[in-house]
Amino acid sequence: MAATACSTALLGVAGARLPAGAPPTVLLPRRNFSPLRLQAAASGDELVDDLKAKWDAVENKSTVLTYAGGAIVAVWFSSVIVGAVNSLPLLPKIMELVGLGYTGWFVYRYLLFKERRKELADDVESLKKSIAGTEAE
């Protein structure tokens, strides 16, 4: 009974029913996996191997672990601070207004006009280059 109700709902036709011996996969659309998805699955193993190789190449493992632990503590501490600020009665609404105001300013400043969108794209590219270290000094 549930299979026929499901098939009726999925087909959208009143009174439509599956044949008695029909497999339920008749209703599912055929999905072709793109090469990108297969490549992503294959690159998952490559990613793990690459991370292992990079970890083995690290000389100061204790320093890396200390920084990672510090980052985890910082994220936890910031979530505690946000929770404390959120528990104050008026402050979350003020922060929401500040966020809405900043969003409005950002849209006006960078997204509203074409030349400013180009400026934003240039700034983002410059930031990416400076982070990646490919910018000439």
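Within straight-line reach of residue 61, meaning a Cα separation under 29 Å, sit the following lysines at least 8 residues removed in sequence or on another chain: 52, 128, 129. Listed by chain and number, the lysines placed with their C-alpha closer than 22 angstrom to that of residue 93 amount to none; residues fewer than eight positions away on the same chain are left out.
Rule-based calculations on the coordinates, nothing more; no lab input. Just so we're clear, the structure is a prediction, and the values are computed from it rather than from any experiment.
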